[in-house]
Amino acid sequence: MAYPFPGMNPYLERASLWPDVHLELIRASRFSLTQSIPARYYISAEERTYIAANDPDSFVGRPDVAIVGVPGIAVAPLQTMTANGSPATVVLPVPEEVSEHFLEIREAATHRVVTVIEILSPANKASGEGRRQYEIKRQQVLGSATSLVEIDLLRSGQPLPAQPQAQKDYRILVSRGWERPKGLLYSFDLPDPIPPVPIPLQRGEEEVSLALGDLIPQIYEDVRYERRMDYTVPPPPPDLTGEQNVWLDELLRTASLR
C-alpha cells in the first residue's frame, strides 16, 4: 500500500509500534547518510541502556554499557491485609531495562565524534529516567564542539528545551557545534511535509541532507506497516484539533482507508 500521508503518519506514533519504527528510522538514516558523506567519515550506531521502573517516580540508574537481560521480569503483585483482614492486590515498581539507539558521525582517521543524530522516543519526552538520561547526554553534547541533530516526530510528551519553543506538532533541531548557543529549529504540523534535514559535519564543509520525507514512506512500504494500521479509529493521543480531524478524515477517505 502506498504511504497515504504528505508528511508524518500519526498512526506510527502508537506506543506499541514506535520502537519498531524508531529502529527502522535509525537503520534507514544510517544507510542513506553513508551514501552521501565524504569517505573520511563513517557512521556508527550507538545505544544507551538504563534501568527504569514502571513507576515514573522510582528509578534505578544503570551505566550506558552492555545489555544484560533478565528474562521473565514482570509486574509482581503483592498481597497485603486490608482493614477487614482480607488481602488486597497492589502493583510494585519493577525494574525494566530500556535501550535507546542513536547515530554518531565520526572521523575515520581519529574516530572523533563530529555529529550526534538523535531520534526521540516517548521516554525522552516524559518525566522519568528516560528523559533524565537523555537530558544529561544532550547537555554533554551541547557543551562540546560536537554538532547535534535532534529529530522529534512525536506529538505526545513535553518538548526538549529551546527558546522560543515552537507550538507545532513536530520539531527538528540542528545545533552546529560552532554556532552555539544558537541553533536552527525546523517545526511543522501534521498536514505538512517533513523538511529535509541538514546534517553538519565540520565547520566550512558542505553539509549533507537527510530526507526523512522520503525515508518514512519507503520504510512504511518495505515493512508493510499498513498491516498494523486501523485507520477507522482516531490516531493515538494527543487528540487532534477539529481542523486536523477534518483534514485527516478527508485524506483517509480519499485513499479509501475509511
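Identify, please: which residue in segment 17-46 is charged (D, E, K, R) and outside any helix (DSSP H, G or I) and is, among those, farthest from the chain's Cα centre (by Cα)?
For segment 17-46, the residue satisfying everything is 40.
Identify, please: which residue in segment 184-235 is in contact with a helix residue (DSSP H, G or I) (Cβ under 9 Å, 6 or more places away or on another chain) and among the small types (Gly, Ala, Ser) and is, among those, farthest from residue 152 (Cα to Cα)? Ranking the qualifying residues of segment 184-235, first place goes to 209.
Here is the figure for segment 118-130: residues that are without any contact (Cβ under 8 Å) to a residue 40 or more places away in the chain and either over 13 Å from residue 156 (Cβ atoms) or not in a helix (DSSP H, G or I) (or both) total 1. When segment 1-16 is filtered for residues that are at pLDDT below 95, hydrophobic (A, V, I, L, M, F, W, C) and either in a helix (DSSP H, G or I) or over 22 Å from residue 255 (Cα atoms) (or both), only 15 remains.
Condition check ((1) over 19 Å from residue 26 (Cβ atoms); (2) crowded, with 16+ Cβ neighbours inside 10 Å; (3) in contact (Cβ under 8 Å) with a residue 24 or more places away in the chain) across all residues:
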{"site": "178", "(1), (2), (3)": "yes, no, yes"}
{"site": "185", "(1), (2), (3)": "yes, yes, no"}
{"site": "188", "(1), (2), (3)": "yes, yes, yes"}
{"site": "194", "(1), (2), (3)": "no, yes, yes"}
{"site": "200", "(1), (2), (3)": "no, yes, yes"}
{"site": "206", "(1), (2), (3)": "yes, no, no"}
{"site": "234", "(1), (2), (3)": "yes, no, no"}
{"site": "244", "(1), (2), (3)": "yes, yes, yes"}
{"site": "255", "(1), (2), (3)": "yes, no, yes"}
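The values are calculated or read from the model by the stated rules, or taken from the named source; none is laboratory data. Quick caveat, the model's predicted, so the values are computed rather than measured. Note that each Cβ is placed from the backbone with ideal geometry, even for glycine, and that neighbours are counted across all protein chains shown.
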